[in-house]
Amino acid sequence: MNKQFKSIGKWRIWIRLMVAILLAGSLGAYLLYIAGRMDFRFLGIADFNPYGGWSALRGAVTDGDYKFTGISRSMALTAAIATCAIIGGRFFCGWICPLGSLQDVFADIGNRVGILHRKTALDRHLHPWRIKYVILFVVLGFSALGYGAVLADFSPWQALLTLPSRATQKFLWDISVAGLWILIGIAVTSVFVSRPFCRYFCPLGAAQALLSSFNPININYAASCGGCNARVEPISCSVLSDCPVELTCEDGEDSVSPECIRCLRCATHDSEKTDNPSANCAAAKLNIQIWNRTISAEKYCRIMLALFLITWLALPLLGQAEAHRSQFDGEMDENGIYYGEGTGFGGSISTEVSLKDGKIEKISILDHNETRGWYEEAFRKMPEQMLEIQGPDADGISGATATSYGLIDSVQDALSHALTEEN
């Protein structure tokens, strides 16, 4: 095993470990923030939502009431993933994605207990990897039709991000959300099948593969690669023998498939000669190239990490648009309890507003269908701000824009009833 292989392997381990620590620490601190035990939060659940950019785009196109309030952290995450995919392939999948790391951990558990991941005829003849592209277009279609909240219940991403909050609520006795079952299924299946979710079902992986079809940084076969039978019969290439998504050499192809997750095992592979000519890949090598210029694996990693971090961290700093404001204007002198409704991400949000001596005394959320992990901060912070300013013109919560607007509209509706009844 060469030094470059060891070096890249250590880089990948440390980066994924740091991502896990960042995610666990941020979600733990966020729970304390939501519970009122901390007054400051670093990153919230919504900030780790990789579909935030799509949600904003869908809202801008299909929602007549959509108001752009700036680039949120989740929108920047979507942009960072897309940028990396366009420039250098599915780097996010292989190096950063916590779901990918979860699958690798359980795959390692399987290997340690003697369970081998074998390539099957199913992969070679039925091409089940195409399933994730169908899932991608189904998700996009249903989301565009307004069923995003329903789809969220099936998301293992949501289940993973809300796992700490469920753990504090004895979630083992309440795991009705489909996404949590899917997450458990991914973990268990990964013991027997290498990266099953990445390969067959992940819509985010499918989107990245589509974006990376013509990227300038690619992994190409060297000129010396191609003389063995593996390029004709895709079963025996030793360079790709350790591929976590089980790619094979395909005859007539100059570069690896867009399905590659850029773990770089093949690009740092150090094969040994064998007595079998059909498996003799000692001279073969896969090179990382940018516009036909070979670069090292370390340089590729630096480029992709810089692209990801700059995009994710810098975009939200470009400035915020004016926050959403209600159209309520009036004074109330009577006491009473009034009810209102607004439309959030998951549907109707019902609120109860109590007035005393013409002032808002209490705001309660009576009913909603918002997504767990996204609504908690809006429902905790925004009523407090409304009580402070004595009106519904609270600032929305980044990453939970639709929920924020729905809550504002619901309180505004209740206050409008109070004004109408007084007049």
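Give me the pairs: first residue in segment 129-157 and more than 15 Å from Cys202 (Cα to Cα) and in a helix (DSSP H, G or I), second residue of a type outside the set (A, V, I, L, M) and at pLDDT 85 or above, beta-carbon distance under 8 Å, and six or more apart or on different chains, which are they?
Sorted first by the residue in segment 129-157, then by its partner, the pairs are Gly148/Phe142; Val150/Phe142.
Rundown of residues vs (1) free of Cβ contacts under 8 Å to residues at least 60 places away in the same chain; (2) buried (at least 20 other Cβ atoms within 10 Å of the Cβ); (3) more than 29 Å from Met75 (Cβ to Cβ); (4) not aliphatic (A, V, I, L, M), yes/no style:
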site: Gly347; (1), (2), (3), (4): no, no, no, yes
site: Ser354; (1), (2), (3), (4): yes, no, yes, yes
site: Asp357; (1), (2), (3), (4): yes, no, yes, yes
site: Met382; (1), (2), (3), (4): yes, yes, no, no
site: Gln390; (1), (2), (3), (4): yes, no, yes, yes
site: Ile397; (1), (2), (3), (4): no, yes, no, no
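Against the definition (farther than 25 Å from Asn111 by Cβ, modelled with pLDDT under 80 and of a type in the set (Ser, Thr, Tyr)), how does Ser176 come out, yes or no?
Taking the combined requirement at face value, the residue satisfies it.
Output the residues belonging to segment 1-55 that are part of a helix (DSSP H, G or I), over 14 Å from Ser74 (Cβ atoms) and among the small types (Gly, Ala, Ser).
Ser7, Gly9, Ala20, Ala24, Gly25, Gly28, Ala29, listed by residue number.
Identify all residues within segment 227-267 that are touching a Ser or Thr at 6+ places or on another chain (Cβ under 8 Å) and either acidic (Asp, Glu) or at pLDDT 75 or above (or both); write none if there are none.
Pro244, Val245, Glu246, Leu247, Glu250, Pro258
Can you confirm whether segment 292-302 contains a residue that is small (Gly, Ala, Ser), farther than 20 Å from Ser101 by Cα and either exposed (fewer than 13 other Cβ atoms within 10 Å of the Cβ) or at pLDDT below 65 (or both)?
No - not one qualifying residue is present in segment 292-302.
Tell me yes or no: at least one residue of segment 67-74 is modelled with pLDDT of 85 or more, over 26 Å from Asp409 (Cα atoms) and either assigned to a helix (DSSP H, G or I) or under 15 Å from the mean Cα position of the chain (by Cα) (or both).
No, because not a single residue in segment 67-74 is modelled with pLDDT of 85 or more, over 26 Å from Asp409 (Cα atoms) and either assigned to a helix (DSSP H, G or I) or under 15 Å from the mean Cα position of the chain (by Cα) (or both).
Looking only at residues in segment 319-343 that are at pLDDT below 80 and under 30 Å from Phe42 (Cα atoms), which one is surrounded by the fewest Cβ atoms within 10 Å (Cβ to Cβ)?
Residue satisfying both the conditions and the ranking: Gly319.
Kindly provide the set of residues from segment 286-308 that are more than 25 Å from Leu247 (Cα to Cα) and without any contact (Cβ under 8 Å) to a residue 12 or more places away in the chain, ordered by number.
Ala306
Being modelled with pLDDT of 80 or more and either part of a loop (DSSP other than H, G, I, E, B) or in contact with a Ser or Thr (Cβ under 8 Å, 6 or more places away or on another chain) (or both) is the requirement here; does Ile360 meet it?
yes
The values are calculated or read from the model by the stated rules, or taken from the named source; none is laboratory data. These numbers were taken from a predicted model, which means no experiment stands behind them. As a convention, Cβ positions derive from the backbone with ideal geometry for all residues, glycine included, and neighbour counts pool all protein chains shown.
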